[in-house]
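Beneath this line is the structure, given in structure tokens, with notes to follow.
The values are calculated or read from the model by the stated rules, or taken from the named source; none is laboratory data. Note that this is a predicted model, so its numbers are computed, not measured. Reconstructed Cβ throughout: ideal geometry from the backbone, glycine too, with neighbour counts over all protein chains shown.
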Amino acid sequence: MDPAHAPRPSPVPAPVTEVSDDEFALFQTLICREAGIYLAATKKPMLVSRLMRRVNALKLPSFGEYYRKVIRDGNEMVRLLDAVCTNETWFFRNPRHFAFVKETLCPVWLAEAAAGRRPRRVSLWSAAASTGEEPFSLAMVLLDTLPGWDLQIIATDLSSRVLERAQEATWSLEKNGDIPPALLKRYMLRGTGTQEGKMRAGAELRSVIRFRRLNLNDEIWPLEPEAKFDAVFCRNVLMYFEPGRRERTLQRMLKLLPPRGYLFLGDAESLNGFKGMRMAAPSVYTFKGNNEGSREQGDSAPEHKGTR
């Protein structure tokens, strides 16, 4: 063939680096509908930074084309939701919550079991488990305080990507500074050889936790139909939900708590306005009438505004 008439290669599209206001509005609506997460206009740079590599890897000419791919492809929808999740976490984040479990709730549960009012069993839900630091912190506290008990922690997250990392139960040794030394020595294994510089949760710790992907905005949550949790940890998540979805999600969570159950929220979140609930400790809530585990007797503990 004459080289002059050879087919020319298709031009490589220029890298996509910006999202228009109209395109951002499409993603805003989609992400809120699918995950309950509201992206304010100030989050536009964040959306670009988290999706730009994927858009260009697919050789798409615009964010609008990527949006059209997402709504046609369920797997790509999962990728999108994974990308927009904020997964900041660390071991024993907000230490007073773990102190409340150890020093206040565990003694109540032990006393109830001794009196025959409950089995020697505790079930907790970590509703935004991220890369696993929260559920593994809870597991350390429970194993250390309730030896011989049947312990179960359900760890869920919207992001399948971070759940895979959580199930590996392996972290950089740089993370060990947040773990109390006695618990670190008892429950964590130090890596050697190819795992040098890493630590892994021991088998006893891993046996307590079950992982599941769960979108808090879904109509059905993949939990046991009759699930009841002694405590639910849902911290620093609902602050990103628009108000109506936040309230509906909280109502559903409260139905999974028994009358003496507890809900742990982030310091920037609250149950203000929820009838029948009271603060048992800063950012820890239970039902009115449940005085067990309270720092103060009476209808409610003082209002507290914490810092993140």
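Is it true that residue 137 is assigned to a loop (DSSP other than H, G, I, E, B) and touching a helix residue (DSSP H, G or I) at 6+ places or on another chain (Cβ under 8 Å)? Considered against the rule, which asks whether it is assigned to a loop (DSSP other than H, G, I, E, B) and touching a helix residue (DSSP H, G or I) at 6+ places or on another chain (Cβ under 8 Å), residue 137 comes out as no. Among residues of segment 28-71 being within 23 Å of residue 220 (Cα to Cα) and part of a loop (DSSP other than H, G, I, E, B), the one that is farthest from the chain's Cα centre (by Cα) is 38.
Screening segment 90-99 for residues that are in contact with a helix residue (DSSP H, G or I) (Cβ under 6 Å, 6 or more places away or on another chain) and not in a helix (DSSP H, G or I) and picking the one that is surrounded by the most Cβ atoms within 10 Å (Cβ to Cβ) gives 91. Can you say whether residue 113 is in contact with a Lys or Arg (Cβ under 7 Å, 6 or more places away or on another chain), modelled with pLDDT of 95 or more and not β-branched (Val, Ile, Thr), as far as the supplied structure shows? Considered against the rule, which asks whether it is in contact with a Lys or Arg (Cβ under 7 Å, 6 or more places away or on another chain), modelled with pLDDT of 95 or more and not β-branched (Val, Ile, Thr), residue 113 comes out as yes.
Pairs linking a residue in segment 187-212 that is more than 25 Å from residue 159 (Cβ to Cβ) and assigned by TED's automatic domain parsing to the domain that holds residue 156 to a residue that is charged (D, E, K, R) and surrounded by 13 or more Cβ atoms within 10 Å (Cβ to Cβ), with Cβ atoms under 6 Å and 6 or more positions apart or on different chains, are 189/200. Every condition in (1) exposed (fewer than 13 other Cβ atoms within 10 Å of the Cβ); (2) touching an Asp or Glu at 6+ places or on another chain (Cβ under 8 Å); (3) hydrophobic (A, V, I, L, M, F, W, C) is met by residue 203 except one, and the failing one is (2). The set of residues in segment 104-125 being in contact with a helix residue (DSSP H, G or I) (Cβ under 9 Å, 6 or more places away or on another chain), among the charged types (D, E, K, R) and outside any loop (DSSP other than H, G, I, E, B) consists of 121 alone.
When segment 47-89 is filtered for residues that are free of Cβ contacts under 8 Å to residues at least 24 places away in the same chain, touching a helix residue (DSSP H, G or I) at 6+ places or on another chain (Cβ under 9 Å) and among the hydrophobic types (A, V, I, L, M, F, W, C), only 58 remains.
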